[in-house]
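Remarks on the structure that follows.
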Amino acid sequence: ALGIDRAHLEAWIDEAGLDTVLNRAGTTFRKLPDADRENLTREKAIALMLDQPSMIKRPVLETKGKLLIGFKPEMYSEKFER
């Protein structure tokens, strides 16, 4: 199955924060009914992202103990400069 497992998603949220992992600007999230977007708890957000992985901000790069979510060239340069 495509997507992400709960353990990885929870670890990403623990490390980077829910607001970093959840793509609120994406079409999938914006098309949710108001009831699903309001009062969004961590558990509710995890359930939504597991059901619809396109709500996870991309790309997610996890390597050598580093986690980067989303793409900002300066962030990649800072984390991976030699």
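Among residues belonging to the range 67-82 that are surrounded by 11 or more Cβ atoms within 10 Å (Cβ to Cβ) and in a loop (DSSP other than H, G, I, E, B), point out the one that is modelled with the highest pLDDT.
Step one: of the range 67-82, the residues surrounded by 11 or more Cβ atoms within 10 Å (Cβ to Cβ) are 67-71, 75-76, 79-80.
When the remaining residues are screened for being in a loop (DSSP other than H, G, I, E, B), the result is 70-71.
Numbers: 70: 89, 71: 84.
Applying the filter and picking the extreme gives 70.
Of (1) at positive phi; (2) surrounded by 12 or more Cβ atoms within 10 Å (Cβ to Cβ), residue 64 satisfies all except one. Which?
Of (1) at positive phi; (2) surrounded by 12 or more Cβ atoms within 10 Å (Cβ to Cβ), only one is false for residue 64: (2).
Looking at residue 13, is it among the β-branched types (Val, Ile, Thr), without any contact (Cβ under 8 Å) to a residue 40 or more places away in the chain and touching a Leu at 6+ places or on another chain (Cβ under 9 Å)?
On the way: among the β-branched types (Val, Ile, Thr): yes; without any contact (Cβ under 8 Å) to a residue 40 or more places away in the chain: yes; touching a Leu at 6+ places or on another chain (Cβ under 9 Å): yes.
Taking the combined requirement at face value, the residue satisfies it.
Only one of (1) in contact (Cβ under 8 Å) with a residue 40 or more places away in the chain; (2) closer than 25 Å to residue 75 by Cβ; (3) of a type outside the set (Gly, Ala, Ser); (4) in a helix (DSSP H, G or I) fails for residue 50. Which number is that?
(2)
Return the residues of the range 38-47 that are surrounded by 15 or more Cβ atoms within 10 Å (Cβ to Cβ) and either touching a Lys or Arg at 6+ places or on another chain (Cβ under 8 Å) or outside any loop (DSSP other than H, G, I, E, B) (or both); say none if nothing qualifies.
45, 46
Could you please let me know if residue 20 is among the hydroxyl-bearing types (Ser, Thr, Tyr), at pLDDT 95 or above and out of contact with any Lys or Arg (no Cβ under 9 Å at 6 or more places or on another chain)?
no
The values are calculated or read from the model by the stated rules, or taken from the named source; none is laboratory data. Everything numeric here is computed off the predicted structure, so don't read it as measured data. Don't worry about glycine lacking a Cβ; one is built from the backbone with ideal geometry, like all the others, and counts go over all protein chains shown.
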